[in-house]
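For reference, the structure is listed below as structure tokens.
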């Protein structure tokens, strides 16, 4: 597999765990976002909801640590963005291979 210059490193805990699985990749390009994910992991899609909430909370913690925007404000802004995008019918993403 070819590595991209802007590819992130695999986290140490994942390297140490032979049963670790990469769940998703998100790339931002000049053509928009490109997302790959493993839709075959769980029978219940609600599990992805749990993953997405954890991801949002980690992003908010990152803002709190790196930019000085406090955790609660960052998390609230993320939720506002989710709510706005959820209702945006003109911006429906497409599955790609």
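Key figures
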{"item": "Test: residue 17 is out of contact with any helix residue (DSSP H, G or I) (no Cβ under 9 Å at 6 or more places or on another chain), surrounded by 10 or more Cβ atoms within 10 Å (Cβ to Cβ), more than 25 Å from residue 91 (Cβ to Cβ) and without any contact (Cβ under 8 Å) to a residue 60 or more places away in the chain", "result": "yes"}
{"item": "Single match in 85, 94 (criterion: part of a helix (DSSP H, G or I) and either without any contact (Cβ under 8 Å) to a residue 40 or more places away in the chain or touching a strand residue (DSSP E or B) at 6+ places or on another chain (Cβ under 9 Å) (or both))", "result": "85"}
{"item": "Counted residues, the stretch 43-72 - those being more than 17 Å from the chain's Cα centre (by Cα) and outside any helix (DSSP H, G or I)", "result": "6"}
{"item": "So residue 28, is it under 15 Å from the mean Cα position of the chain (by Cα) and in a helix (DSSP H, G or I)", "result": "no"}
{"item": "All positions within the stretch 1-25 that are in a helix (DSSP H, G or I) and under 16 Å from the mean Cα position of the chain (by Cα)", "result": "none"}
{"item": "One residue from 32, 62 being within 26 Å of residue 95 (Cβ to Cβ) and without any contact (Cβ under 8 Å) to a residue 40 or more places away in the chain", "result": "32"}
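Here's the yes/no breakdown for (1) modelled with pLDDT of 95 or more; (2) under 29 Å from residue 83 (Cα atoms); (3) surrounded by 10 or more Cβ atoms within 10 Å (Cβ to Cβ):
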{"site": "6", "(1), (2), (3)": "no, no, no"}
{"site": "12", "(1), (2), (3)": "yes, no, no"}
{"site": "22", "(1), (2), (3)": "yes, yes, yes"}
{"site": "30", "(1), (2), (3)": "no, yes, no"}
{"site": "46", "(1), (2), (3)": "yes, yes, no"}
{"site": "49", "(1), (2), (3)": "yes, yes, yes"}
{"site": "55", "(1), (2), (3)": "yes, yes, yes"}
{"site": "62", "(1), (2), (3)": "yes, yes, yes"}
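The values are calculated or read from the model by the stated rules, or taken from the named source; none is laboratory data. Note that the structure is a prediction, hence the values are computed from the model and not measured. With ideal geometry, Cβ positions are generated from the backbone for all residues, glycine too; neighbour counts draw on all protein chains shown.
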